[in-house]
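The values are calculated or read from the model by the stated rules, or taken from the named source; none is laboratory data. From a predicted model like this one, the values you see are computed outputs, not experimental measurements. Here the Cβ is made from the backbone with ideal geometry for all residues, glycine too, and neighbour counts use every protein chain on show. Note: accessible area is taken over every heavy atom of the protein model, side chains too, but ligands, DNA and RNA are not part of it. Shrake-Rupley method; radii C 1.70, N 1.55, O 1.52, S 1.80 Å.
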Amino acid sequence: GAVNNENQVASFSSHGPSYDGRIKPDVVTRGVGVYGAAAGNFSGYTTASGTSVAAPIASGVAALLLSAYPHLKNTQVRIILIETADNSSSPNNERGYGLLSAVKAIEFPNLDASDGTFLLNKMFITDENINPQTVTINYSINGFDFIQEEMEFDGNLKYSFKFPYLFNDELVEFYFTYLNNDDTTFINPENGNYKFYYGSLDISLNTEFEKTFTDYVVSEPYPNPFNPAQSTFTSISIKSLGNEN
């Protein structure tokens, strides 16, 4: 979707729901009076409007996120963009999950599968006075008491923590604490906890996502879809939990 510089939805921005009942649009970015390079001109600039102008801004935010974290899967990028948009706690069919923020997206924690467990990554960009030696993660497994651990700092912006080996489907909730140079304590997030199910790469805060790591198994497609000489159609067998067919 497209908004103007006051975050108001543009008159031409399409509303939802989608044909199959999903929230539409997913997110919004500025798409009214956007300043950019003029086509067919090596040095000219112009303004343009449209969802076709808003879409590349969303793509640019995704590119920045992948630049900071090259390990992210496309599904993780989508979830992070949705989670950090400004309407994520109450999405609707006018502005979806809300206005994208590159800073909030990069600051949102993410997971990387590493050596049989999961490496948590986190950046703090908006607080320049953070004391790196005081950054901790506080995590709980299946609702038990929170455990506090120091996070590893890369000397630049990125903090990381490798979770212990757990069983798939165990619920992990966590939050961060740190001090600034004035010894003021900060908690991130300010409200609620981040959470994910061990075995999944999807972290949620304001929204609920389905667990995707044990729901179904997709067999190898046959015949080979890239060999049209074998057949004019492709069959894919899917077996979901609780379904014998």
Next item on the list: Taking 7 Å along the Cα-to-C-beta vector as the label spot, tell me the Leu66-Ser18 distance in nanometres, rounded to one decimal.
Entry: 1.9
Next item on the list: Determine the order of Tyr194, Tyr165 by accessible area, beginning with the largest, at a probe radius of 1.4 Å.
Entry: Tyr165, Tyr194
Item checked: Set Lys24/Lys195; Lys24/Lys104; Lys73/Lys104; Lys24/Lys73 screened for pairs whose C-alpha atoms are more than 20 Å apart -> Lys24/Lys195; Lys24/Lys104; Lys24/Lys73
Checklist line | Solvent-accessible area per residue for region 33-104 (1.4 angstrom probe, square angstrom) | finding: 54
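How would region 137-181 be classified by its alpha-carbon gyration tensor: rounded, prolate or oblate, with rounded meaning a/c under 1.5 and the a/b versus b/c comparison settling the rest?
In terms of gyration-tensor shape, oblate.
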Margin query: For a test of the definition: using alpha carbon positions, the gyration tensor, and the 1.5 limit on a/c, classify region 72-199 as rounded, prolate or oblate.
Written below: oblate
Next item on the list: Note down the Stokes-Einstein diffusion coefficient of region 23-110 in µm²/s, whole number, using a Kirkwood radius over alpha carbon pairs, 37 °C, and 0.692 mPa s.
Entry: 237
